[in-house]
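Heads up: the structure comes next, in structure tokens.
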Amino acid sequence: MAVLPILIYPNKTLKIPSSKVPQVDENISLLIKNMTETMYDHKGCVGLAAPQVGYNLRIMVVDASKHKKTTLCHNLIVFINPVITKKEGAIIIREGCLSVPDYTGNVKRATKVTVNGLDGNSNPQEITTEGFEAIVLQHEIDHLDGYLFIDRVASLKRDIFRRKKYQ
Ligand code: NI
């Protein structure tokens, strides 16, 4: 296993829509292990998408269990080819991202989502969650479509903030 380097905005890989994973082979399994280790290596990190470590593949890992805003939580979630199949509600929330280290931003997200895809063993997986974990899932799926939180703010002037402290 290895901690992988994080690509930083404006790296082009972050802006490219990622491809579906055709099958989970040894290379994909290793990438998932390394992504998980990379996420846990960054204190306060609650999710990571494959483009952030240089792979335009629809893979993400999430673990919101340690975050103070988390209510409902599934601990470590590995998602391959995730698709949001249901969303409800709306909230404006302050987000950050390892790939945009110097800023945070106010982003509008659904409060509750259902996501369908495959788990790390290639089995069908459906997760319905709400609150902070639902927001992390939406943020990571955005990465797979080539979007960063800075693409989602209503106003670049009012809704982007320079970070004062790092976790
Ligand atoms: Ni991010």
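Bear in mind these aren't lab numbers, they're just calculated from the coordinates by the rules spelled out. Please read all numbers here as calculations on a predicted model, not as lab measurements. A quick note on method: Cβ atoms are made from the backbone with ideal geometry, for glycine too, and the neighbour counts reach across all protein chains shown.
Using the Cα centre of the range 12-162 as the reference point, and only Cβ charges (+1 on K/R, -1 on D/E), how large is the resulting charge dipole? Debye, rounded to the nearest 20.
For the range 12-162, the charge dipole is close to 640 debye.
Using unit Cβ charges (K, R positive; D, E negative) and no other charged atoms, how large, in debye to the nearest 20, is the dipole of the range 62-115 about its Cα centre? Before the final figure, lay out each step's value.
On the way: 9 positive and 4 negative charges, 47 e Å.
In debye, rounded to 20, the range 62-115 gives about 220.
Straight distance only, please: which aspartates and glutamates reach the Cα of LYS69 with their own Cα at less than 16 Å, same-chain residues fewer than 8 apart left out?
Once the sequence-local aspartates and glutamates are set aside, what remains near LYS69 is GLU95, GLU130, GLU133.
Which pairs in the list LYS66/LYS87; LYS108/LYS157; LYS43/LYS108 are over 18 Å apart, alpha-carbon to alpha-carbon? All intermediate terms of the calculation are to be shown ahead of the outcome.
Values: LYS66/LYS87 24 Å; LYS108/LYS157 16 Å; LYS43/LYS108 25 Å.
Too far apart for the 18 Å limit: LYS66/LYS87; LYS43/LYS108.
Across all directions of projection, what mean area in square nanometres is found for the Cα convex hull of the range 54-107?
Averaged projected area of the range 54-107's Cα convex hull equals 5.2 nm².
For the range 41-161, what is the convex hull (Cα atoms) projected area averaged across all directions, in square nanometres?
The orientation-averaged projected area of the Cα hull of the range 41-161 comes to 7.2 nm².
Suppose a student asked you for the relative contact order of the range 12-162, using Cα pairs under 8 Å spaced at least 6 residues apart; what percent would you report?
Details: 311 pairs, mean separation 40.0, N = 151.
Computed value for the range 12-162: 26 percent relative contact order.
Please list 96-102, 48-54 highest first by mean number of surrounding beta-carbon atoms within 10 Å per residue.
48-54, 96-102
Only loop residues by DSSP count here, and only those with at most 15 other Cβ atoms within 10 Å; note down the trypsin sites (Lys or Arg not before Pro) in the range 1-54 that meet that.
Those that pass, being in a loop and sparsely packed, are LYS20, LYS43.
Pop out the ³J(HN,Hα) list for the range 107-123 in order, Karplus 6.51 cos²θ - 1.76 cosθ + 1.60 with θ = phi - 60°, rounded to Hz; leave Gly and Pro as x.
10, 8, 9, 6, 8, 9, 9, 10, 10, 10, x, 10, 8, x, 9, 6, 8
Could you tell me how far the Cα centroid of the range 98-167 sits from the Cα centroid of the range 29-89, in Å?
For the range 29-89 versus the range 98-167, the Cα centre distance is 10 Å.
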